[in-house]
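Below you'll find the structure, written out as structure tokens, and then a few comments.
The values are calculated or read from the model by the stated rules, or taken from the named source; none is laboratory data. In this text the structure is predicted, and so the values were computed from the model without any measurement. Here the Cβ positions follow ideal geometry from the backbone for every residue, glycine too, while neighbour counts run over all protein chains shown.
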Amino acid sequence: MSATIPNLGVCYYPEHWPESEWAQDAARMTAAGIQRVRIGEFAWSRIEPREGEFNWGWLDTAIETLGSAGLDIILGTPTATPPRWMVAKHPDMLAYDHEGRPRTFGSRRHYCFSHEGYKRECARIADALGHRYGGNSYIQGWQIDNEYGCHDTTVSYSPAARDSFQKWLMNKYKSPAALNTAWGNVFWSMEYGDFDEIGLPNLTVTEPNPAHILDFRCFSSDQVVAFNRAQCETLRAHTDKPLIHNYMGRITDFDHFEVGSDLDIASWDSYPLGFLEDRSDLGDEWRTKFMRQGDPDFQAFHHDLYRAVGKGRWWVMEQQPGPVNWAPYNPAPLTGMARLWTWEAIAHGAETVSYFRWRQAPFAQEQMHAGLLRPDGEDASVMGEVKRVAQEIATIGKTETRAADVAIVFDYTSAWAWDTQPQGQDFDYFRLVFDFYRQLRRLGLSIDILPPNMRDFGNRKLVVIPGLMSWSDNLRQAIDNFSGHVLIGPRSGSKTSDFQIPAALPPDLDGLDVKITAVESRRPGGEIALEKGGQFRIWREFIETNAEVVEASEDGHPALLKSDNLYYLCGWPDDTAMIRILEQMATTAGVDIEHLPTGVRCRTFGNKQLYVNYAADRAVVGDHEINGTDILLVDQNNKRLQ
């Protein structure tokens, strides 16, 4: 359990505006109830316009102006936007796409994580910033880089990546013979005689060896971890303030838990309308219904994920306040949504919710991205919601989070595995986990997300593990020692860590008397009806078992199995079957459920409950009504607080 008084922040770019406006901007921020401001994460060309020539004056003034106005400053390292002179110095620092083409200067994130020269440059600029501002009392946190993985920039097929990958493989396998065995390279005569013969898994005639791809994905993730660690270690020598990174939504290209192990706080950039248009699997009708509110579960999922990544400490570093500029369509939020999104984050444990951005820029790529101010400096319509939230926070005081009764295990390696070998074009790991998550939310449940190396599930009552590629020793131990209920499947334990089918057959878990003898992927329209209602879609497994068959499909095959407290689900349920099965599991596990109206979700935090209504229409929850795009906050006695 942790308790905190949440606060509001904003992202600000003093280098974009005349110095004469900075003090007025700072005063208006504090008057609006904003307490924190993030600066500097894209300013390398102004900090160091030429190699070794630093221009600190403007940044000194900006920090003094903002800090003296009472704002806590989060200072970013500017390594997501290397300046033009850097590319001239290191022309081989650019990432390469899957087709072997360099991704050039003229935007952002134009670097390859594997380039050692650029990594040293990043440590150097972090050291310079830390040396100058590490002891500055106005600096209350440091953001490392910006949005790792954004714009598909984790995986690079550059010469630098190839050379580093060969070294990584040598360190992992020690000998080509061991690698050949692990990868099964006897297949198609793919055996290697030396590590320097191994290329990157692109531009092959047909699909590369899946073990080759998976190792390359693991390597690419490790490169992000090493890149982040280099800056963290540099800054630790200068400051004791928290180090933070701002992750993104539905980015699974690298292991966020591993990156987070070197940080103090996880944050993420929450763009509900942009992500609904850009990253939702639920179809045009769903996107149209919620186009001005956002998906009712997408933000909450990432709040819970990054609370786990941050080991309990997490922020929203960028909160959408109005239309964005980068999605296929960019509607304006309905009135009340910025307040709703902010309160939902707070209920999930956010220490800070920071809006992007202070003033809408009149130039460059993001000039169509709304801020709290219009380009002319006048308040945008959302400003009233921000001020209202600040006043409400002052009234509510401290908030706290506790472990939930229900948890889902989330694993980045599994995302890479099923991206590598989906065995059906609709099989997507994130989508599978998110389907379980959103149906649990429809039952009124608060949910924790757990990493795949947990040794202990604590006092939770129900743990759900869908689509996990392979079992870690820690997770096996956690399952073995757990007295609550565990729902496993589908596709869990179906590979070894070397991307081979286990000799004992999946799911390969002690205590679960189940063997998967065959699998099939189902095209749309080929769903399999279940005896108790609903269907399996996308994926179905055929089973040999002595376990209890709790439910079967209408064609007579087991669908849900039980061995003591372990349950195995033999396919991917549609919404009807999923919510029915999860309700049955939760009830059996002793978890209280609450069926909620469409678009309404609930989060318990401390002795309070927050209901949020993502629907545009009024809804009824118990004795209370909630207007469309509004919130309902009640105490333990069901008394309305907001």
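Quick notes on this one:
- Here residue 267 qualifies as on the phi < 0 side of the Ramachandran plot, assigned by TED's automatic domain parsing to the domain that holds residue 332 and polar (S, T, N, Q).
- Screening residue 495 against (1) free of Cβ contacts under 8 Å to residues at least 40 places away in the same chain; (2) within 28 Å of the chain's Cα centre (by Cα) leaves a single unmet condition, (1).
- Enumeration of residues in segment 115-150 that are under 22 Å from residue 93 (Cβ atoms), out of contact with any helix residue (DSSP H, G or I) (no Cβ under 6 Å at 6 or more places or on another chain) and outside any helix (DSSP H, G or I): 143, 145, 146, 147, 149, 150
- Those residues of segment 225-240 which are under 12 Å from residue 135 (Cα atoms) and touching a residue at least 12 places away in the same chain (Cβ under 8 Å), in sequence order: 235, 237, 238, 239
- Number of positions in segment 256-275 that are more than 10 Å from the chain's Cα centre (by Cα) and more than 20 Å from residue 447 (Cβ to Cβ): 10
- The residues listed here are 67, 130, 106, 117; of these, the one that is of a type in the set (Gly, Ala, Ser) and more than 30 Å from the chain's Cα centre (by Cα) is 67.
- Answer from 387, 398 - the residue that is among the basic types (Lys, Arg), modelled with pLDDT of 95 or more and more than 19 Å from the chain's Cα centre (by Cα): 387
- Options 282, 276: the member that is at pLDDT below 95, of a type in the set (A, V, I, L, M) and either part of a strand (DSSP E or B) or more than 22 Å from residue 349 (Cα to Cα) (or both): 282
- Exactly one residue out of 347, 370 is under 18 Å from residue 633 (Cα atoms), out of contact with any helix residue (DSSP H, G or I) (no Cβ under 7 Å at 6 or more places or on another chain), of a type in the set (A, V, I, L, M, F, W, C) and touching a residue at least 40 places away in the same chain (Cβ under 8 Å), and it is 347.
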